[in-house]
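Report on one structure; see the data block that follows.
Bear in mind these aren't lab numbers, they're just calculated from the coordinates by the rules spelled out. Note that this is a predicted model, so its numbers are computed, not measured. Positions of Cβ are backbone-derived with ideal geometry, glycine not excepted, and every protein chain shown enters the neighbour counts.
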Amino acid sequence: MARSMPDNSESEPYRLAASASHLLRRAEQLAADRFTQLVGETVTLRQFTVLAAVAENPGLSQTALGRAAGVDRSTMGDMMLRMERNGWITRAPASTDARMRSVRLSPAGATLLAAATHHARAADAAILDALPRTKRRTFLNIVTKLAKLADEAAERAEREARKQAKKQKRAQKKEAKAEAPRKPRR
């Protein structure tokens, strides 16, 4: 679904220095490194992000938290296990659906989040300080737009997956019905 491509010929070598995806990954590495320099090894930037999402949405399902924090389902499951073992969160069956897990901060998680928040803000400031003052707002607008596009794409993919699952379930029911022995009519 690429809308535009750089004016490079297909025969030219791929240049990382001109790759938007590579440069975004490098920027993410910068953010994680700055965060680790300030917070230490206790909590990663990704874990902090999940703790902040839990604090903003107490009781939200693990799946919804993964969406809010931008963490894929399998990674989120592993993170939840580690964070629960560390005593940072609690999980319980959701009141609306026992198959889902409702996540809340534990007192230790709330304390860790509060202690790391100052450092997260300082890491954000350090990243923005690396940019010219006149470009900071533009940068934030662009990454906000990209995050919104990612959220929209994830929502579309989820809707499509649910739609396909329903379609598959209907097909299985239809197939089972067709294969079931028929009772003779009286």
Revision key, fill the gap. The answer for Arg101, listing residues at least 5 apart or on another chain whose modeled amide H is closer than 5 Å to its amide H, is Gln62, Thr63, Ala94
**Study point:** 10 Å Cβ shell holding at most 15 others, DSSP loop, GluC sites (Glu not before Pro): longest site-free stretch of the chain
**Key:** 42-186
Practice item. Could you tell me the number of lysine pairs in the chain with C-alpha atoms less than 22 Å from each other, where the two lysines are 8 or more residues apart or belong to different chains? Key: 11
**Study point:** Computed helical MRE - 222 nm, the chain, DSSP H runs ≥ 4 contributing -39500 (n - 2.57), nearest 500
**Key:** -22000 deg cm²/dmol
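Which helices, taking whole DSSP H runs in the chain, have alpha carbons extending 20 angstrom or more along the helix axis plus mean Kyte-Doolittle at least 0.5? Before the final figure, lay out the partial values.
Details: long enough: 20-39 (28 Å, -0.14); 107-129 (33 Å, 0.55); 136-179 (64 Å, -1.39).
Membrane-span-like by this criterion, though nothing is claimed about a membrane: 107-129.
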Revision key, fill the gap. Against the 2.2 N^0.38 Å rule of thumb, the C-alpha Rg of the chain sits at a ratio of 1.42
Check your understanding: Going by how many other Cβ atoms sit within 10 Å of their own, how do Ile142, Ile89 line up, fewest first?
Key -> Ile142, Ile89
Review point. Given +1 on the Cβ of Lys and Arg, -1 on the Cβ of Asp and Glu, and no further charges, what dipole in debye does the range 19-130 carry about its Cα centre, rounded to the nearest 20?
Key: 300
Check your understanding: Among Thr42, Thr117, Thr96, which one shows the biggest mean-square fluctuation in a GNM of the chain, springs joining Cα atoms closer than 10 Å?
Key -> Thr96
